Amino acid sequence: MGLKEWIVPQERQFFDLLDKDAGIVAEGAVALRALLRDFRNVAEKRKAIKDIEHRGDDTVHTIFEELNKSFITPIDREDIMALATSLDNVLDMIDAAANRLYLYEIARPSEAMVDLGEVLVEATSALRKAVAMIRDMKNADEVEAIAVEVNRLENVGDDLLNVSVAALFKEKDVVHILKAKEILEQLEQATDYCEDVANVLSDIVAKNR
Amino acid sequence: MGLKEWIVPQERQFFDLLDKDAGIVAEGAVALRALLRDFRNVAEKRKAIKDIEHRGDDTVHTIFEELNKSFITPIDREDIMALATSLDNVLDMIDAAANRLYLYEIARPSEAMVDLGEVLVEATSALRKAVAMIRDMKNADEVEAIAVEVNRLENVGDDLLNVSVAALFKEKDVVHILKAKEILEQLEQATDYCEDVANVLSDIVAKNR
Amino acid sequence: MGLKEWIVPQERQFFDLLDKDAGIVAEGAVALRALLRDFRNVAEKRKAIKDIEHRGDDTVHTIFEELNKSFITPIDREDIMALATSLDNVLDMIDAAANRLYLYEIARPSEAMVDLGEVLVEATSALRKAVAMIRDMKNADEVEAIAVEVNRLENVGDDLLNVSVAALFKEKDVVHILKAKEILEQLEQATDYCEDVANVLSDIVAKNR
């Protein structure tokens, strides 16, 4: 068996694990959107998101364990760590927002929250595609295009937050303002973290193309 | 004098400084718990925590100065920097919480604040033990066990925050809600930073064992 | 043409780009101070700050592109990235504060906001000088002195925030408290990011002197 054949499974393993993780993050965003769109059975839907988050944690943990055991990695060790960590931040923030939607006993999500949930589904599904593409650097341009698109989506998220919080401040119930503002900020923070993932991907293709 | 003997004091010095810093951080948590448990002489106790924080700053400063002067370090330079920085973040947040307890003139800390203070004492005292152990990689399993325990304590802190803020939102005095929420968040943030220290320690033993 | 001559333009280019970026950040702080001091034509002044922020983004983007194309850099690649990123964080936070001053329709900035704007002008103008100095390591002591000064300014910013928020909590209009607190925190966060820039500069001269 030549060196090439011996390396290949190792390479595949890291890309497989990153794919799996990006898939779990996208799944978390879809579950959050479902909660935001149809605000019934909140406890149950919140629990489903927590389970997704745990699966994400396990996958990231496996990635770090494998990194510690591996001498050879298909892309820089630091880049694999940065990708796994930034994907995990997105999922943690999705989980935090779901948790507050449940804990704070709000009547129903605002329109801006539903819109931010939609933005998150778009961003995480684009990132999932881009993560699958870094196996082959001939996809570099497409990965770069997705990174640009996720940066655009983060700007959309930012505008949604700013405008909706400014509107929220015109409401009467201050405790409601506090609850809704925190949830909106966490949803927007999740899109910020999507941008971090996009920047890591952009860096990876710039270095390896 | 052989090379080994010449290196040893250098090695000891970094471990001594990190031990000292971890001890100061644990001391800060104990002082914060004392303030939370017995909310009298607040100005005086707050000042004592500020003094501890200054000693922490000086120690971190010395660590960075010594790193800049040293060609040889017992563990990776980046790991020493990450350990010192993450320990410093814990102490900064302990100081920030103490400062707000004083400045915001709250009547007395809530039960959840006292509980978070207890969690912080447990986490920082466990971290202090773990920092002392990285001198010898035969302690790797014990360091790893402490890292797992500090991760568990961070989850406890997270739950304490979420439940207590949800309860806080049922209170009437909105300004009190704002003050208490910020203090609770900072106490929980300090446990988050303890988790960062634990993760750095976990990384160090994984790489050097 | 010798190697030295061939390298020089490359070196100059990175320093030129960093200078340009530090100048744009300082310009952003001056524009924010102008808005805080004279709270008229808010939309127009807010737009001017957004334009400055876009120019900053473009410059940072160019720095990263050039880094990806360059095999040789005058100082460590990571240090150039850290410097550009930390400068960008300052400008982003200046822009975020300006945006909220506009969006939240506050009557006028508080005295503490004006003071924080002044601190930001001082810090960013000092950083601009220091960035220009790292071309030549004979300036190391002066760069270090500026880093110390920016650290001092961050402490001033921190005190301004703490005292003004404690005072703010004595006001009646809770929605106003929320708006003003967020703007004050963002102004202070911008001085925190100035400290990060100072720490990167301090690191660079410590490694290269």
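The values are calculated or read from the model by the stated rules, or taken from the named source; none is laboratory data. Since this is a predicted model, take the numbers as computed values, not measurements. Cβ atoms come from the backbone with ideal geometry, glycine included; neighbour counts cover every protein chain shown.
Structure data summary
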read-out: Unmet requirement for A:THR85, which otherwise passes all of (1) within 13 Å of chain B (Cβ to nearest Cβ); (2) farther than 15 Å from A:ASP192 by Cα; (3) of a type in the set (S, T, N, Q); value: (2)
read-out: Qualifying positions in region A:64-112 - surrounded by 22 or more Cβ atoms within 10 Å (Cβ to Cβ) and either under 21 Å from A:ASP136 (Cα atoms) or among the polar types (S, T, N, Q) (or both); value: A:ILE80, A:LEU83, A:ALA84, A:LEU87
read-out: Members of region B:150-162 that are within 12 Å of another protein chain (Cβ to nearest Cβ) and in contact with a Leu (Cβ under 9 Å, 6 or more places away or on another chain); value: B:LEU161, B:ASN162
read-out: Tally of residues being more than 29 Å from B:SER202 (Cα to Cα) and among the hydroxyl-bearing types (Ser, Thr, Tyr) across region B:95-129; value: 3
read-out: Residue, nearest to the chain's Cα centre (by Cα), within region B:36-75, restricted to residues that are within 20 Å of C:SER202 (Cα to Cα) and acidic (Asp, Glu); value: B:ASP57
read-out: Set B:ALA22, B:ALA96, B:ALA34: member being within 18 Å of B:VAL121 (Cβ to Cβ), free of Cβ contacts under 8 Å to residues at least 40 places away in the same chain and part of a helix (DSSP H, G or I); value: B:ALA34
read-out: Filtered residues of region A:69-98 (kept if farther than 27 Å from A:LEU35 by Cα and of a type outside the set (A, V, I, L, M, F, W, C)); value: A:LYS69, A:SER70, A:THR73, A:PRO74, A:ASP76, A:ARG77, A:GLU78, A:ASP79
read-out: Only one of C:VAL165, C:VAL205 that is within 12 Å of chain B (Cβ to nearest Cβ), hydrophobic (A, V, I, L, M, F, W, C), surrounded by 18 or more Cβ atoms within 10 Å (Cβ to Cβ) and within 22 Å of C:LEU36 (Cα to Cα); value: C:VAL165
read-out: Looking only at region C:55-93, and only at residues there that are of a type in the set (Val, Ile, Thr), part of a helix (DSSP H, G or I) and out of contact with any Cys (no Cβ under 8 Å at 6 or more places or on another chain), the one that is farthest from C:LEU17 (Cα to Cα); value: C:THR85
read-out: Every pair of residues 6+ apart whose Cβ atoms lie under 6 Å, when the first sits in region B:131-148 and is within 11 Å of B:ASN199 (Cα to Cα) while the second is at pLDDT 95 or above; value: B:VAL143/B:ALA130; B:VAL143/B:MET133; B:VAL143/B:LEU201; B:ILE146/B:ALA126; B:ILE146/B:ALA130; B:ALA147/B:ALA198; B:ALA147/B:LEU201
read-out: Unique match (being outside any helix (DSSP H, G or I), free of Cβ contacts under 8 Å to residues at least 60 places away in the same chain and farther than 28 Å from A:ARG12 by Cβ) among A:LYS181, A:LYS170; value: A:LYS170
read-out: One residue from A:ASP92, A:ASP158 being more than 21 Å from A:GLU27 (Cα to Cα) and within 18 Å of the chain's Cα centre (by Cα); value: A:ASP158
read-out: Scan of region C:37-54 for residues that are among the basic types (Lys, Arg), part of a helix (DSSP H, G or I) and without any contact (Cβ under 8 Å) to a residue 60 or more places away in the chain, ordered by number; value: C:LYS45, C:ARG46, C:LYS47, C:LYS50
read-out: Residue in region C:20-43 that is of a type in the set (Lys, Arg) and within 13 Å of chain A (Cβ to nearest Cβ) present; value: no
read-out: Pair list, Cβ under 6 Å, 6 or more apart: region B:61-78 residue touching a residue at least 24 places away in the same chain (Cβ under 8 Å), other residue surrounded by 14 or more Cβ atoms within 10 Å (Cβ to Cβ) and in a loop (DSSP other than H, G, I, E, B); value: none
read-out: Residue satisfying all of: in region B:189-202; over 10 Å from the mean Cα position of the chain (by Cα) and within 12 Å of another protein chain (Cβ to nearest Cβ); farthest from B:ASP141 (Cα to Cα) among these; value: B:ASN199
read-out: Test: B:ALA147 is more than 13 Å from chain A (Cβ to nearest Cβ) and either in a helix (DSSP H, G or I) or polar (S, T, N, Q) (or both); value: no
read-out: Matching residues in region B:123-144 - criterion: being among the aliphatic types (A, V, I, L, M), more than 12 Å from chain A (Cβ to nearest Cβ) and assigned to a helix (DSSP H, G or I); value: B:ALA123, B:ALA126, B:LEU127, B:ALA130, B:VAL131, B:ALA132, B:MET133, B:MET137, B:VAL143
read-out: C:ALA98 being in contact with a Lys or Arg (Cβ under 6 Å, 6 or more places away or on another chain) and within 14 Å of chain A (Cβ to nearest Cβ); value: yes
